[in-house]
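Reviewing the structure listed below.
The values are calculated or read from the model by the stated rules, or taken from the named source; none is laboratory data. Bear in mind the structure is a predicted one, so any value in this text is a computation, not a measurement. Here Cβ is always computed from backbone atoms with ideal geometry, including for glycine, and neighbour counts include all displayed protein chains. What goes into the accessible areas is simple: the full protein's heavy atoms, side chains included, and nothing from ligands, DNA or RNA. Shrake-Rupley method; radii C 1.70, N 1.55, O 1.52, S 1.80 Å.
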Amino acid sequence: MEEAMMQQKKIAVVIGGGNGIGAATVKVMAGRGWRVVAADIDADAARAVASEQADCMGIALDVTDAEAMTEAASRIEAELGPVSALVVSSGAFQESLPPHRMTDDAWSRVMQVNLDGTWQANRIFGTRMAERGAGSIVNIASVTGLFSSPLVAYGTSKAAVIGLTRNLSGEWGRSGVRVNSVSPGVTLVERILKHRRQGTRYYGGDFDTHAAMGRSVEPVEVAEAVEFLASDRASAITGIDLPVDCGWLTAAPWEMFGGCRPAVNAEAAK
Ligand SMILES: NC(=O)c1ccc[n+]([C@@H]2O[C@H](COP(=O)([O-])OP(=O)(O)OC[C@H]3O[C@@H](n4cnc5c(N)ncnc54)[C@H](O)[C@@H]3O)[C@@H](O)[C@H]2O)c1
C-alpha cells in the first residue's frame, strides 16, 4: 500500500535545493505530497535537506554542466519515474560594482549559472516533459530583473531569465508544459542574514523600509508561490513572472513622497 502511494507521488526536481529558497521549496513541496529530488552543487547540503523530508533524495548537480544534467535527468526518470515539476533556484551573485570594475570573469560566472544554467535545465527537463505532454517549470528570477540596481550582471541575468521563461511558455504551451518564474524581493536566507549581521550596505535592514509591507520576505513565502505555480492549482497559468517582494516594486515611487505611510493602527500591524 505504502509502495503504491509512493509511486503515485509526483516527482519534482529542485536545482539549488540545498540552501535558501531552494531548500524552503523542497520542504514546502514535500509537505504537499511531492517526491522531491534536491539537486545542488553543494551535495552535502542537498542531502541534508532531503534527509529531513519523507521520501526525498539529495544529489550532486552542477547546473552549468549540461552533460551531467542530461545524465541526471535520465537517471531520475529511470529510478523514480517522469519528472512533473522542475524548479531552478541555483544562483550566482555579485558584489555591487560599477561597470568599469566588473571583471569579465565575474560577469561570465553570473551569466553561466543564472542564465545558461537555467536555459540548459529548462531545455533538458522541459523537452522531456513536452515529449510526454505534461509538466511545469518554475524559474527563480529576481526583482532586480525588473528594475535598475547596482548589480549590473546579476540584474541582467535575471531579466533574461524572465524573458527565457516567457519564450519557453509559447514554445511548449500546446505540449502541456507550463513555464513561469517567481521574482523574489530581498528574502531572508542565511546568505542575506550574514550580510545583515556584517552590516553590508546593500543588504542592510534599510531594504525593509522601502517595501510597502515594511519588511523583507521569508524563504517559505517564496516557496509557497513556487509550489502553487508548479502544481495543478495553477493549471491555466503560464509565461508569467510573479513578484514575491512584500510590495517593494509597487512602493518604489513612494520614496519621492517621503516613503510609505506608517500603519494606520501600529498595534494591529504587529
Ligand atoms: N535571497 C534573496 O534575497 C533573493 C532575491 C531575489 C532572487 N533570489 C534568487 O533565488 C535563488 C536562490 O537564492 P538564495 O537566496 O536562496 O541563495 P542561496 O545561496 O541560499 O542558495 C543558492 C543555492 O544554489 C546553489 N548553486 C550555486 N551554484 C550552483 C550550480 N552551479 N549548480 C547547482 N547549484 C548551485 C548553491 O549551492 C545554493 O545551495 C537564486 O536564483 C537567487 O538569484 C534570491
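Couple of notes before you dig in:
- Subset of region 19-67 [surrounded by fewer than 24 Cβ atoms within 10 Å (Cβ to Cβ), assigned to a loop (DSSP other than H, G, I, E, B) and within 13 Å of the ligand (Cβ to nearest atom)]: ASN19, ILE41, ASP42, ASP62, THR64, ASP65
- Considering (1) at pLDDT 95 or above; (2) in contact with a Ser or Thr (Cβ under 9 Å, 6 or more places away or on another chain), the lone condition that SER96 does not fulfil carries the number (1).
- Of the listed requirements (1) touching a residue at least 60 places away in the same chain (Cβ under 8 Å); (2) open to solvent by 30 Å² or more (accessible area, probe 1.4 Å); (3) hydrophobic (A, V, I, L, M, F, W, C); (4) part of a helix (DSSP H, G or I), PHE147 misses just one: (4).
Results for (1) within 12 Å of the ligand (Cβ to nearest atom); (2) in a helix (DSSP H, G or I); (3) open to solvent by 40 Å² or more (accessible area, probe 1.4 Å); (4) over 25 Å from THR250 (Cα atoms), shown as yes or no for each residue.
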| residue | (1), (2), (3), (4) |
| --- | --- |
| GLY117 | yes, yes, no, yes |
| ARG123 | no, yes, yes, yes |
| GLY126 | no, yes, no, yes |
| ALA130 | no, yes, no, yes |
| ASN139 | yes, no, no, no |
| GLY155 | yes, yes, no, no |
| LEU164 | no, yes, no, no |
| ARG174 | no, yes, yes, yes |
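- Region 75-111, residues that are aromatic (Phe, Trp, Tyr) and either under 17 Å from ILE59 (Cα atoms) or outside any helix (DSSP H, G or I) (or both): PHE93
- Of all residues in region 68-104, exactly one satisfies the criterion of being among the small types (Gly, Ala, Ser), more than 30 Å from ALA234 (Cα to Cα) and more than 11 Å from the ligand (Cβ to nearest atom), namely SER96.
- Checking VAL182, VAL186 one by one, the residue that is in contact with a strand residue (DSSP E or B) (Cβ under 8 Å, 6 or more places away or on another chain), within 22 Å of ARG233 (Cβ to Cβ) and near the ligand (Cβ under 10 Å from one of its atoms) is VAL182 and no other.
- Region 205-270 holds helices (runs of 4 or more DSSP H) entirely within its bounds, and those carrying 2 or more residues that are surrounded by 14 or more Cβ atoms within 10 Å (Cβ to Cβ) map to 206-210, 219-230, 248-251.
This table checks each residue for (1) more than 13 Å from the ligand (Cβ to nearest atom); (2) modelled with pLDDT under 95; (3) farther than 21 Å from ARG166 by Cα.
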position	(1), (2), (3)
ARG191	no, yes, yes
GLY199	yes, yes, yes
GLU221	no, no, yes
SER235	yes, no, no
